[in-house]
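Novice: Pasting a structure here, questions to come.
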Amino acid sequence: MDTSPPFVAIVDDEEAVRRALLRLMRSVGVPARAYASGAAFLADLATYRPRCAVLDLHMPGMSGLAVQASLAALAPEVGVIIMTGQHSAEVEAEAQPHAPLAYLLKPMNDQLLLDALASACAAWRQP
């Protein structure tokens, strides 16, 4: 069983995005781990269970939608925030059956992301 403190998982194939989001999480005191692929993130679920996952939709290999569907089956308690730089109404509709906490467009407004995280991680919200 995972006894590590709760954290946010950031899953994005772009290193610059991962670094920026880790920096944002650190600036508000939210523990976070970054993953370059959906497969790497899902492989880590056996050891670590995040409170919330921020998923990029368009990644090589396993898409964010595939990761979201896997999470719904393997760890339904993990909240999901979707982010994409290539929005379409069809893709947004595909994400809805697994009830993401938010569907955000890149470049993201930091406060919108932090507000969405507050839904999943109320204990981490800064006073």
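Novice: Run through region 56-97 and list the GluC sites (Glu not before Pro) located in a DSSP loop whose Cβ has at most 13 other Cβ atoms within 10 Å.
Specialist: Glu77
Novice: Over all directions, what mean area does the Cα convex hull of region 8-124 project, stated in square nanometres?
Specialist: Projected over every direction and averaged, the Cα hull of region 8-124 covers 6.5 nm².
Novice: Taking amide H atoms as placed 1.01 Å from N in the peptide plane, list the residues 5 or more away in sequence, or in a different chain, whose amide H sits under 5 Å from that of Met59.
Specialist: Long-range HN contacts for Met59: Gly64.
Novice: So, one more: For the residue pair Ser88 and Ala20, what label-to-label distance in nm results when each label sits 7 Å from Cα along the Cα-to-beta-carbon direction?
Specialist: In this crude spin-label approximation the distance works out to 2.4 nm.
Novice: Name the residue farthest towards the positive end of the dipole of region 1-78 from the options Val67, Val11, Leu21, assuming +1 on Cβ of Lys and Arg, -1 on Cβ of Asp and Glu, about the Cα centre.
Specialist: Leu21
Novice: Sequence-distant or interchain residues sharing an amide H contact under 5 Å with Ser37, placed H: which?
Specialist: Correct list: Asp12.
Novice: Residues with beta-carbon under 13 Å from that of Leu24, excluding Leu24: net charge, scoring Lys, Arg +1 and Asp, Glu -1? Please list the in-between numbers first.
Specialist: Numbers: positive: Arg18, Arg19, Arg23, Arg26; negative: Asp12, Asp110, Asp115.
So the surrounding residues net to +1.
Novice: To continue, here is another question. Using 0.36 nm per residue of separation minus the Cα-Cα distance, give me the extension gain between Thr47 and Leu105 in nm, one decimal.
Specialist: 17.9 nm
Readers should treat all values here as calculations from the given coordinates under stated rules, not as data from a laboratory. What you see is a predicted model, and the numbers here were worked out from it, not measured in a lab. Here the Cβ is made from the backbone with ideal geometry for all residues, glycine too, and neighbour counts use every protein chain on show.
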